[in-house]
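Here's the structure, in structure tokens; my notes come after.
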Amino acid sequence: MGFTLADRVGGRWPNRRVPFEVNREAFPDGSAARTAITNAINAWNATGVVTLSPRQGEVAFLLFGPQMAGLLTADPRTVALAGRCLFITGFAQVGFAASIVFGGALRGAGDTVAVMAINLASTIGLRLVAVLLVTLWLGYGLAAVWVVLSAELTVRGVLMYLRFAQGGWKHVKV
């Protein structure tokens, strides 16, 4: 293989840990759906490259982005910009998590063409076009690029969820 997922994952999620939170109102403790989610997470953790674990204060980079960036550089302009970008990125986490979870579920069910189409459409059709628009045409900077990234990840997560909820994956022949 030309690359390994482990190399990329280690840089994105510290200690290969992806935080999650299951909505207790939608999936109450003891419900069949909650049990299925718990079983799926446990099965993933037993074989996956990354570990899914309950959230524990991941909001820190929203509140302390500049302080965290200050650990890496003393340049005040870089610290301010990195802090702003970390704050913006915080809003993409739910959509990003949804795209990972539902995209993985769809791929596991064999619905790989739909996942590929959603990824291509959102990455090229939305992210690339919007970044070119906000930077080259409107003249905005890095913070606008991160807003586009956050919006694209949210849209992708919604599209993956809608495909999953629509149930077309149940009829895919593997």
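Worth a mention:
- For segment 106-154, the candidate set comprises residues that are under 26 Å from W169 (Cα atoms) and hydroxyl-bearing (S, T, Y); within that set, the residue that is farthest from the chain's Cα centre (by Cα) is T112.
- The requirement of being within 30 Å of T38 (Cβ to Cβ), at pLDDT below 95 and in contact with a strand residue (DSSP E or B) (Cβ under 8 Å, 6 or more places away or on another chain) is satisfied by V101.
- Of the residues screened, V94 is not one that is over 25 Å from A36 (Cα atoms) and modelled with pLDDT under 95.
- Any hit, segment 114-122, residues being in the same structural domain as L149 (by TED's automatic domain parsing) and among the β-branched types (V, I, T): yes
- Number of positions in segment 115-146 that are under 27 Å from R17 (Cα atoms), surrounded by 17 or more Cβ atoms within 10 Å (Cβ to Cβ) and either of a type outside the set (V, I, T) or touching a Ser or Thr at 6+ places or on another chain (Cβ under 7 Å) (or both): 4
- Take the conditions (1) in contact (Cβ under 8 Å) with a residue 12 or more places away in the chain; (2) in a helix (DSSP H, G or I); (3) farther than 23 Å from I41 by Cβ; K173 misses just one of them, which is (2).
- Take the conditions (1) modelled with pLDDT of 85 or more; (2) touching a Ser or Thr at 6+ places or on another chain (Cβ under 9 Å); (3) among the hydroxyl-bearing types (S, T, Y); T89 misses just one of them, which is (1).
The values are calculated or read from the model by the stated rules, or taken from the named source; none is laboratory data. Bear in mind the structure is a predicted one, so any value in this text is a computation, not a measurement. Positions of Cβ are generated from backbone atoms using ideal geometry, with glycine treated the same way; all protein chains shown enter the neighbour counts.
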